[in-house]
Amino acid sequence: MDEADVTQPIRRSILETCYYGTAQFDGQVDGYKAAATEGEALDDFAFQVLNGAGDLLDLMHVIDPQNAPDWTKMTHEEAQFFVQSRGMCSALIKVLGAYEDIFMSHSSWFVYQATMRIYKHYNFNVQDKATAAKQISFSSYPGINMVMLQTTNNVFNTSLYQYVSSESLLAWQRVRVANMMAHDGKQWGQVFSLYNSGTYNNQYMILDLKKVHLKSSLDDGALYVVEQIPSLIVYEDVTQILRTGYWPSYNVPFFEIIYNKSGYPDFVAQHGTDYTYQLAPRAKIFRRDEGNVVDMKTMKKIMRYNDYKNDPYSEGDSCNAICCRGDLKHPKAGPFGCYDTKVSNYSMALSFQADIINGPTLGSGLPPFVWTGSYKQSHVGLPEKYAFDFLTTKPKFRKK
């Protein structure tokens, strides 16, 4: 029996589950049009762009390859800025020494114009056998007692874009389907790997809390990592690494085949070891400081960490930090970087709760970001100054 025969039933379930997302999308579009002022309603395509913003990072290069950045002609400074401005997110999963608790956190990186953040809790009354998770919370996607975190990898080998196909599902669609269908990390990878669009090429971390036994053990399959490039998706159980204390993620592929096919070796040969998995600035900072994480407070501290003026691993660069401040870069300052953080632990994740904060980090005595007159980017509806504290979010469908 070939692979097509084996995967046919799951392919049918994927397309059926995808229908739920499409139906919700249609409902949101119709609801917006019903409420919008006459003449100001957005069309369907605008909503597709909003949902597929991550996929567009790669689709732009597929559709218009002539305008794709040529890193081989970049100086070291230009290459660094290119990677930092495209690098999206830091993530950390940390388990305490005797497995007393496990923490998971994600800090998003992008343009500060995108700080109109929403933390969503969905409770779907779906009645079919293919649906494993009816309750889902964003941004870290708890599913059937699972947590999904994601960081973006670069594709320096642009020849891979020839494998991008329209006969596929975009990443945002496959993530949504995998979150609803998967019972464990392995199944999440299996579902996600079908209909690969080759766009929004990320590392996904699937933490299965059903296999985490506090003060006892981490069962095999507790942590699966999934990485995608055009034409290939790799997923493996990396629980053995997590058992040593932590799993970090910082926009460099973990799997050697993904790293090599993405073109990282050639990029490193030209621009240095800051782009390797072992010696990226955030890899060094996580390795040095993860032992300081002992509770929610210290987990928040490491995920908002930026001491670029004093930390030797930052080398004076405000984006060589767990939480980048692109507005403080010199000479290419701009409103981009790390703009939110979500932190949870074992008990909170089981209740779909997280402590969340919006806005660029204050790091170690850094000034709050302010939309001054020097910024020409539109920021309608956003706060002028970002100096917020963490708050706890929890869904109404969880009464306890």
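The values are calculated or read from the model by the stated rules, or taken from the named source; none is laboratory data. The structure displayed is predicted, hence computed values, not measured ones. So basically every Cβ, Gly included, is an ideal-geometry build from the backbone, and we count neighbours across all protein chains shown.
Before moving on, here are some points about what is shown:
- Test result for LEU194, more than 29 Å from TRP71 (Cα to Cα), in contact with a Lys or Arg (Cβ under 7 Å, 6 or more places away or on another chain) and surrounded by fewer than 24 Cβ atoms within 10 Å (Cβ to Cβ): yes
- Hits in segment 68-100 - residues which are in contact with a Lys or Arg (Cβ under 9 Å, 6 or more places away or on another chain) and under 15 Å from LEU209 (Cα atoms): VAL95, TYR99, GLU100
- Residues located in segment 245-257, provided they are outside any loop (DSSP other than H, G, I, E, B) and under 17 Å from the mean Cα position of the chain (by Cα): TRP247, PRO248, SER249
- Looking across TYR259, TYR264, one residue alone is crowded, with 21+ Cβ neighbours inside 10 Å and under 30 Å from HIS76 (Cβ atoms). It is TYR264.
- Residue check for THR72: β-branched (Val, Ile, Thr), in a helix (DSSP H, G or I) and either at pLDDT below 90 or in contact with a helix residue (DSSP H, G or I) (Cβ under 6 Å, 6 or more places away or on another chain) (or both): no
- Residue in segment 49-66 that is over 22 Å from LEU170 (Cβ atoms) and not aliphatic (A, V, I, L, M) present: yes
- Test: residue in segment 142-158 that is in a helix (DSSP H, G or I), touching a strand residue (DSSP E or B) at 6+ places or on another chain (Cβ under 7 Å) and over 22 Å from GLN8 (Cβ atoms): no
- Selection of segment 209-236 for residues being more than 19 Å from GLY97 (Cα to Cα), among the acidic types (Asp, Glu) and either touching a helix residue (DSSP H, G or I) at 6+ places or on another chain (Cβ under 7 Å) or touching a residue at least 60 places away in the same chain (Cβ under 8 Å) (or both) yields only GLU227.
- Some residue of segment 8-28 being loosely packed, with under 12 Cβ neighbours inside 10 Å and in a loop (DSSP other than H, G, I, E, B): no
Yes/no matrix, rows are residues, columns are (1) modelled with pLDDT of 95 or more; (2) within 25 Å of the chain's Cα centre (by Cα); (3) aromatic (Phe, Trp, Tyr); (4) farther than 30 Å from LYS332 by Cα:
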position: GLN28; (1), (2), (3), (4): no, yes, no, yes
position: ALA41; (1), (2), (3), (4): no, no, no, yes
position: LEU56; (1), (2), (3), (4): no, yes, no, no
position: ILE93; (1), (2), (3), (4): yes, yes, no, yes
position: ASP101; (1), (2), (3), (4): yes, yes, no, yes
position: SER105; (1), (2), (3), (4): yes, yes, no, no
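- In segment 175-184 there is no residue that is in a helix (DSSP H, G or I), more than 20 Å from the chain's Cα centre (by Cα), under 30 Å from THR276 (Cβ atoms) and at pLDDT 85 or above.
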